[in-house]
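Take a look at the structure set out below.
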């Protein structure tokens, strides 16, 4: 600072010539870093927005699934109501709320009981055929014993063969919800696989004309009678809504 003015000016010019390019490089680096940060931030925002869109997409898929479930239930209800209007019996709808753990395929619990006019031995059906009968009743719940249980024997008829018999548990020793045995069929009748089986009305429990299933195969039994294996019409493994036939 004590140097003469002319020398001081020259030193400033020299110093400026040395440091200004360095400052320029630093400024350029700063601008480059700012540009890079501007590139990185939009990429992060894009990823965040993409994540939001994926979550929204999942929510929409769940909503569509829920709407489809509601639509299916609506169609099923409409079908059941139309079927009920055509049915000759007085019916009461019920939801299956539980299965008996001691006999998984042979008993279910429904959400109607004594307060709804339900009594023991009332028949239980679906739109696909016979399910079983009411075994026990409480005020708001009832137990349904299903086809294939020893406690649910049904007198049936095979109209095409003009023959009658009794639905009994499968001789295989277990019930998988699909097949039952038809016993005490008369020899000489034209029994064939594919023939339909209906309730006969005998026994004062099951009214006449309820569809039970179709004959799968036929076998001889102790030389006096024939027996047949019947595929049950109702899906006993997947019962959701059933109908009780009221007296």
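The values are calculated or read from the model by the stated rules, or taken from the named source; none is laboratory data. Here the structure is a predicted model, which is why all the values come from computation and not from measurement. Cβ coordinates were reconstructed from backbone atoms using ideal geometry, including for glycine residues, and neighbour counts include every protein chain displayed.
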Residue 132: assigned by TED's automatic domain parsing to the domain that holds residue 246, within 30 Å of residue 78 (Cβ to Cβ) and buried (at least 21 other Cβ atoms within 10 Å of the Cβ), yes or no? yes
Matching residues in the range 99-143 - criterion: being assigned to a helix (DSSP H, G or I) and modelled with pLDDT of 90 or more: 114, 115, 116
Just the residues that are part of a loop (DSSP other than H, G, I, E, B) and farther than 22 Å from residue 151 by Cα, please, taken from the range 181-216. 187, 188, 189, 190, 191, 192, 193, 194, 195
Please enumerate the residues belonging to the range 217-241 that are closer than 30 Å to residue 98 by Cα and not in a loop (DSSP other than H, G, I, E, B). 229, 230, 231, 232, 241
